[in-house]
């Protein structure tokens, strides 16, 4: 006789950590040096004046100021023109 009940395998118990991506400071908010403005995968939003780009594409303030957003037209190497969002700290 078995001394235990047969236990099945547990395949569904692991989960990945949340990434907490997105915009952290909106237009008109005050940013201090080093404050994270946007956490993103890839450069959906580009760095403008007084904004730096981290190695994981995080945008952060390089000077104190007020956050503002805008757009910029960029031309790819094949001639296609796209409008990209850009963030500034002024």
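The values are calculated or read from the model by the stated rules, or taken from the named source; none is laboratory data. Just so we're clear, the structure is a prediction, and the values are computed from it rather than from any experiment. Cβ: placed from backbone, ideal geometry, glycine included. Neighbour counts: every protein chain shown.
The set of residues from the range 45-58 being part of a strand (DSSP E or B) and more than 13 Å from residue 86 (Cβ to Cβ) comprises just one member, 52. For the range 59-76, a tally of residues being under 10 Å from the mean Cα position of the chain (by Cα) and more than 12 Å from residue 87 (Cα to Cα) returns 0.
Taking residue 27 as the residue in question, decide whether it is modelled with pLDDT under 95, in a loop (DSSP other than H, G, I, E, B) and loosely packed, with under 13 Cβ neighbours inside 10 Å. Show your work before the answer.
Details: modelled with pLDDT under 95: no; in a loop (DSSP other than H, G, I, E, B): yes; loosely packed, with under 13 Cβ neighbours inside 10 Å: yes.
When the stated conditions are applied, residue 27 does not pass them.
Just a yes or no: is a residue in the range 34-44 in contact with a strand residue (DSSP E or B) (Cβ under 6 Å, 6 or more places away or on another chain), within 10 Å of residue 87 (Cα to Cα), surrounded by 11 or more Cβ atoms within 10 Å (Cβ to Cβ) and modelled with pLDDT of 95 or more? Taking every residue of the range 34-44 in turn, at least one turns out to be in contact with a strand residue (DSSP E or B) (Cβ under 6 Å, 6 or more places away or on another chain), within 10 Å of residue 87 (Cα to Cα), surrounded by 11 or more Cβ atoms within 10 Å (Cβ to Cβ) and modelled with pLDDT of 95 or more.
I'd like to know if the range 76-89 contains one or more residues that are part of a strand (DSSP E or B), surrounded by 14 or more Cβ atoms within 10 Å (Cβ to Cβ) and either in contact with a helix residue (DSSP H, G or I) (Cβ under 9 Å, 6 or more places away or on another chain) or without any contact (Cβ under 8 Å) to a residue 40 or more places away in the chain (or both). No, the range 76-89 contains no residue that is part of a strand (DSSP E or B), surrounded by 14 or more Cβ atoms within 10 Å (Cβ to Cβ) and either in contact with a helix residue (DSSP H, G or I) (Cβ under 9 Å, 6 or more places away or on another chain) or without any contact (Cβ under 8 Å) to a residue 40 or more places away in the chain (or both).
Would you be able to tell me the number of residues in the range 55-67 that are within 19 Å of residue 20 (Cβ to Cβ) and either in contact (Cβ under 8 Å) with a residue 40 or more places away in the chain or touching a strand residue (DSSP E or B) at 6+ places or on another chain (Cβ under 6 Å) (or both)? Don't jump to the end; show me each part of the working.
To start, the set of residues in the range 55-67 that are within 19 Å of residue 20 (Cβ to Cβ) comprises 55-61, 67.
Next, only the ones that are either in contact (Cβ under 8 Å) with a residue 40 or more places away in the chain or touching a strand residue (DSSP E or B) at 6+ places or on another chain (Cβ under 6 Å) (or both) stay: 58-61, 67.
Result for the range 55-67: 5.
Please determine whether any residue of the range 14-21 is surrounded by fewer than 17 Cβ atoms within 10 Å (Cβ to Cβ) and either within 27 Å of residue 82 (Cα to Cα) or in contact with a strand residue (DSSP E or B) (Cβ under 7 Å, 6 or more places away or on another chain) (or both). The answer is yes, given that some residue of the range 14-21 is surrounded by fewer than 17 Cβ atoms within 10 Å (Cβ to Cβ) and either within 27 Å of residue 82 (Cα to Cα) or in contact with a strand residue (DSSP E or B) (Cβ under 7 Å, 6 or more places away or on another chain) (or both). Surrounded by 13 or more Cβ atoms within 10 Å (Cβ to Cβ), at pLDDT 95 or above, in contact with a strand residue (DSSP E or B) (Cβ under 8 Å, 6 or more places away or on another chain) and in a strand (DSSP E or B) - does that describe any residue in the range 68-75? Yes, because at least one residue in the range 68-75 is surrounded by 13 or more Cβ atoms within 10 Å (Cβ to Cβ), at pLDDT 95 or above, in contact with a strand residue (DSSP E or B) (Cβ under 8 Å, 6 or more places away or on another chain) and in a strand (DSSP E or B).
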